[in-house]
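Every read-out reported here was derived from the displayed coordinates using simple, explicitly stated rules and does not represent laboratory data. What you see is a predicted model; the values in this text were computed from it and never measured. With ideal geometry, Cβ positions are generated from the backbone for all residues, glycine too; neighbour counts draw on all protein chains shown.
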Amino acid sequence: MPYMAEDSSTAIDFAVVTYLEEGCWRASSLATTAARDLDTLVRTLRQMQGDIGCIGSVSVDDDFFILVRVVGDEVRYLLSDVTAATDWPLAREVLDELALPVPIEDDEEQAQPAGDLTIVADLGMAAMEMGALCDDLDLYPDEMLSKIAERLGYGPAFQRAVEASVG
């Protein structure tokens with residue numbers, strides 16, 4: 001297991017919440033401790049819902065990303081790479097929420113997204129497009145999340161929030 005199993009927040013590259021408010025996209029960086037576990041992340045996101053809920057984007061150790069969409073009482077999850085759950089407690093928690101088994105070993109052949117590929121389909125990114133993005137092993141998770149942000153129209157706000165969290 002990686003060194004941060006006890007405190008996975010130290011491995012968080014960034015955590016950003018994005019929401020639509022009065023027709024304008026807003027994005028804010030979150031403290032990495034807000035993404036230390038899934039319950040904390042969801043509780044934090046519930047406090048920031050805009051007109052269409054909110055989207056939490058978390059990049060972990062240049063290894064994988066998690067999207068969490070909270071709309072009212074509904075919570076939807078997307079894990080970019082199911083094999084991350086073999087090493088990362090946060091990824092394992094997503095699989096637990098999805099009632100999916102943890103892969104037996106970290107095998108790139110098993111690398112695939114898990115969860116709701118339609119998580120942002122109503123905002124303009126279809127499941128096939130999301131799946132293709134997650135399958136692109138040449139991209140880092142921050143690059144994938146940036147592409148999602150650009151596709152959905154909140155790229156500049158997202159980039160400012162990421163820069164604020166890592167700068």
Applying the gyration tensor rule to the Cα atoms of region 126-167 (axes a ≥ b ≥ c; rounded if a/c under 1.5, else prolate if a/b exceeds b/c, else oblate), the class is oblate
Rounding to the nearest 20 debye, state how big the charge dipole of the chain is about its Cα centre with +1 on each Lys and Arg Cβ and -1 on each Asp and Glu Cβ.
840 debye
Counting all C-alpha pairs of the chain, share separated by more than 21 Å (%):
41 percent
As a test, work out the antiparallel percent of DSSP beta bridges whose residues both lie in the chain, rounded to the nearest 5.
95 percent
Which of Ser80, Ser29, Ser57 moves most in a GNM of the chain, Cα contacts under 10 Å?
Ser29
Sum -39500 (n - 2.57) across every DSSP H segment of at least 4 residues in the chain, then divide by the residue count to get the 222 nm mean residue ellipticity, nearest 500.
-9500 deg cm²/dmol
Return the FRET efficiency for the residue pair Asp122, Asp61: r is the Cβ-Cβ distance, R0 is 30 Å, and the value is rounded to the nearest 0.05.
0.50
